[in-house]
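Taking it in order: structure first as structure tokens, then the write-up.
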Amino acid sequence: MKKYHEKIKEGYKESFLDEKEINEEERGENENLIKTINSKDEEIKRLSEIIKKYSKTEIYHINIEEKSEPEITDSKLGGLPYWPKGKKYPEEEETHEKLYLLIQFNFEKEKTDSPLPNTGILQFFISANDDYLFGTQTKQKNFRIIYHDKIDKSVTKESVQKLKIPSNCDIEEFPVQGEFKISLKKGIEYANFSDEKYKFEDFFNKAYKELFNIELNNSKNLEDLYGYEGSEKMEKYLKGDNDIRGHKVLGYANFTQGDPREEEEYEDYDTLLLQFDSEDCICWGDDGICNFFIKKKDLIKKDFSNVLFNCDSC
């Protein structure tokens, strides 16, 4: 009987030891897993910082002064445009109805740097017809970009009114409700997951090469290496205070449907000339976004005849 009890005790001891060994093994695996997770997090964070270094770019935020009465030559949103007498006013190609001012920039007052002009007034006109607004277009039939290299100081609100130029303030259904003075404030932005033209993967591959000295050559992307959660973490690291939405000139674009420049015919429009979001006093359909793109070489030459206009909605 004594030997029997000793064997039972030995059995308990062996069982206890086995369980202890198992717990230690599991603990070791968990510790290794935690180390791996921490290591991956650190890698994602470091890669994000390198991507910021490569993709950092200057932008101009558009500040809207909702309680304001802009002058005819001010930078402004909506209202009557600056327009010199004797110059043909933009119209819709088919109906010949006059277009409406969306926004104008007085670069002499805004003190902008290259590649933007630093003189003159740049204007964006669009149709009031929703059927012409949404989608992607480059032929300026129902929108128009006008650049006045020199400003005629004799142009007044009264002289423009005499030309019977329409104002968005006279119609109810228009993306902009009212007339507001605006100003530009310089800022910075980094690459984001929305702006496909700038090929986020190219920035990622470049950062990966710098950190690990490994050339991915697009054989593996961010999610292949770090999974969906890793992708979300990198997006969070990159975003920070860098909100890609909003109203701005230059920088990285945001979309509700997708970047039209994924299409080969539009891929050369490499510069965001203007982005308008649905916020403040602006609404594009159902929380949509409006973007104008231009080729940088054309922007430098102040040639606004070839612009890609894209407007999409949720």
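Here are a few things to note about the model shown:
- Over 30 Å between alpha carbons, listed pairs Lys209/Lys236; Lys76/Lys295; Lys157/Lys297; Lys185/Lys295: Lys157/Lys297
- Equivalent-ellipsoid semi-axes for region 156-314 (Cα gyration tensor, √(5λ), whole Å, largest first): 37, 18, 14.
- Part-to-part distance (alpha-carbon centres) for region 164-206 and region 56-127, which is given in Å: 13 Å
- Gyration tensor (alpha-carbon) shape descriptor, region 214-303, a/c threshold 1.5: oblate
- Here region 90-211 yields Rg over Rh of 1.07, to two decimals, using C-alpha coordinates and the Kirkwood radius.
- Integer Hz, Karplus 6.51/-1.76/1.60 couplings in order for region 208-224, x for Gly and Pro: 5, 5, 5, 7, 10, 6, 10, 8, 7, 6, 6, 6, 9, 10, 4, 5, 4
- Placing pseudo-labels 7 Å out from each Cα toward the beta carbon at Asp152 and Ile214 gives an inter-label distance of 6.5 nm.
- Gyration tensor verdict on region 139-187 (Cα atoms; rounded if a/c is under 1.5, prolate if a/b is larger than b/c, oblate otherwise): rounded
- Rounded to the nearest 20 debye, dipole of region 45-117 from Cβ charges on Lys, Arg, Asp, Glu: 600 debye
- Peptide packing: for 250-262, 299-311, the average count of neighbouring Cβ atoms within 10 Å per residue gives the ranking 250-262, 299-311, highest mean first.
We did not get these values from a lab; they are worked out from the coordinates using the rules stated. A quick note: this is a predicted structure, and the numbers were derived from the prediction, not measured. Note that each Cβ is placed from the backbone with ideal geometry, even for glycine, and that neighbours are counted across all protein chains shown.
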